[in-house]
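Following: one structure in structure tokens, then a few remarks.
The values are calculated or read from the model by the stated rules, or taken from the named source; none is laboratory data. On a predicted model such as this, the values are computed, not experimentally measured, just so you know. Every residue, glycine as well, gets a Cβ built from its backbone with ideal geometry; the counts of neighbours run over all protein chains shown. These accessible areas exclude ligands, DNA and RNA; they are computed on the full protein's heavy atoms, side chains included. Shrake-Rupley method; radii C 1.70, N 1.55, O 1.52, S 1.80 Å.
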Amino acid sequence: MTNTSKKTVMVINGPNLNLLGSREPEVYGRESLKDIEHRLKTHASATPWQVDFRQSNQEGEIIDWIHEARESAQAIIINAGAYTHTSIAIMDALLAVNLPIIEVHLSNIFKREDFRHHSYISPASRGIICGFGSRGYLLALDALADITAQKQ
Ligand code: DQA
């Protein structure tokens, strides 16, 4: 499939995810975010999707990217990091976007501290994948490919 005929999924990573690999590897694994980006892009090459992979530590920048996705993408995969548990502004931005949104977390947030059990991203999301490490990004892409192929 040529790139021009592919749909674009914007993959947004929030704060501290740039430190993956060295940050609490027992929780988040030893792969870097670059490794995950590479694996996801390789995985996507066998699907009708191309990946626009991003990371920011700034809440406002993430909100600007979500607005941008309204024009530049056909879906969003988001791991908002700790903003998951705090950001009404990111939730509002996601609610304003009429695209399928899949929430991803490397760790199982429900197995961890109580403050991680609530997500402001979930009310705007089609589904959530958490606890499968970096594989969650690949699962999210597969889910997206499935739901958009079936249009449900
Ligand atoms: C995380 C879980 C969040 O609670 C945490 O703040 C992160 C990473 C995850 O991928 O498991 O930064 O989103």
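Listing for the model above:
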| read-out | value |
| --- | --- |
| Any hit, region 55-75, residues being within 13 Å of the ligand (Cβ to nearest atom), under 28 Å from P25 (Cα atoms), of a type in the set (S, T, Y) and open to solvent by 10 Å² or more (accessible area, probe 1.4 Å) | no |
| Enumeration of residues in region 120-135 that are of a type in the set (G, A, S) and within 10 Å of the ligand (Cβ to nearest atom) | G131, G133, S134 |
| Only one of T47, T84 that is among the hydroxyl-bearing types (S, T, Y), within 13 Å of the ligand (Cβ to nearest atom) and under 21 Å from G127 (Cβ atoms) | T84 |
| Which listed residue is more than 14 Å from the ligand (Cβ to nearest atom), assigned to a helix (DSSP H, G or I) and open to solvent by less than 30 Å² (accessible area, probe 1.4 Å), from A89, A93 | A93 |
| Scope region 120-147; condition among the β-branched types (V, I, T), under 13 Å from the mean Cα position of the chain (by Cα) and either over 12 Å from I77 (Cα atoms) or open to solvent by 20 Å² or more (accessible area, probe 1.4 Å) (or both); matching residues | I128, I129 |
| Set I62, I76: member being outside any helix (DSSP H, G or I) and either modelled with pLDDT under 95 or not small (G, A, S) (or both) | I76 |
| Filter result for A82 (open to solvent by 10 Å² or more (accessible area, probe 1.4 Å), of a type in the set (A, V, I, L, M, F, W, C), in contact with a Pro (Cβ under 9 Å, 6 or more places away or on another chain) and touching a residue at least 12 places away in the same chain (Cβ under 8 Å)) | yes |
| Any hit, region 105-119, residues being free of Cβ contacts under 8 Å to residues at least 40 places away in the same chain and away from the ligand (no atom under 12 Å from the Cβ) | no |
| Residue tally, condition over 17 Å from V9 (Cα atoms) and either open to solvent by 50 Å² or more (accessible area, probe 1.4 Å) or part of a loop (DSSP other than H, G, I, E, B) (or both), over region 97-119 | 12 |
| L144 within 23 Å of K41 (Cβ to Cβ), part of a loop (DSSP other than H, G, I, E, B) and either modelled with pLDDT under 95 or more than 9 Å from the ligand (Cβ to nearest atom) (or both) | no |
| Tally of residues being away from the ligand (no atom under 12 Å from the Cβ), in contact with a Phe, Trp or Tyr (Cβ under 8 Å, 6 or more places away or on another chain) and at pLDDT 95 or above across region 5-40 | 8 |
